[in-house]
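One structure is given below, encoded as structure tokens.
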Amino acid sequence: MKKSIVKNEDVLDEVALSISERDVELISSALTSPRRLQILKDVGAASGPYACTAISQSLQISAATLSYHIKELERAGLVEVIRDGKFMLLTLKREVLRAYAGYLSGF
């Protein structure tokens with residue numbers, strides 16, 4: 001994934017993210033799982049970093065299963081994982097989702 005600066009009338013407007021074909025494949029694969037999709041929804045709805053313990057309780061899944069799903073989302077670049085000892089917090093990388101949607105809208 002590559003960031004590029006988007007200018008609007010010579011004013012720095014936003015940083016746009018361009019994604020490669022491989023990134024699109026990873027994101028598409030990650031989004032095929034209903035559990036990973038629900039994790040993304042939960043993390044995206046949170047007002048700040050979202051605790052993995054809350055996800056585990058809401059989805060009623062084991063720590064090992066949750067860890068697998070988080071690794072897939074992280075590998076796809078969809079979430080940022082903040083590790084604090086044995087605890088993890090997730091934040092949604094909205095710019096990656098926007099770039100993915102932008103890529104798909106080009107079809």
Report task. Give me the orientation-averaged projected area of the Cα convex hull of region 20-94, in nm², one decimal. Result -> 4.8
Report summary line: The FRET efficiency for residue 53 and residue 105, from their Cβ-Cβ distance with R0 = 30 Å and rounded to 0.05, is 0.25
**Report entry** HN-Hα J in Hz across region 20-29 - Karplus 6.51, -1.76, 1.60, θ = phi - 60°, x for Gly and Pro
**Finding:** 8, 4, 5, 4, 4, 4, 5, 5, 4, 5
Query raised in the report: What residues qualify as long-range amide H neighbours of residue 79, i.e. H under 5 Å apart, gap of 5 or more or another chain, H built at 1.01 Å from N?
Result: 74, 93
Report summary line: Between the modelled labels at residue 68 and residue 94 (7 Å from Cα along Cα→Cβ) the distance in nm is 3.2
Query raised in the report: Karplus couplings for region 81-98 from phi (6.51 cos²θ - 1.76 cosθ + 1.60, θ = phi - 60°), rounded to Hz, Gly and Pro as x?
Result: 9, 9, 9, 9, x, 8, 9, 10, 10, 10, 10, 7, 8, 4, 5, 5, 4, 5
Report summary line: Rounded to 0.05, the calculated FRET efficiency for the beta carbons of residue 42 and residue 22 at R₀ = 35 Å is 0.85
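Only the coordinates and a few stated rules stand behind these numbers; no lab work does. From a predicted model like this one, the values you see are computed outputs, not experimental measurements. Note: ideal-geometry Cβ built from the backbone for every residue, glycine included; neighbour counts use all protein chains shown.
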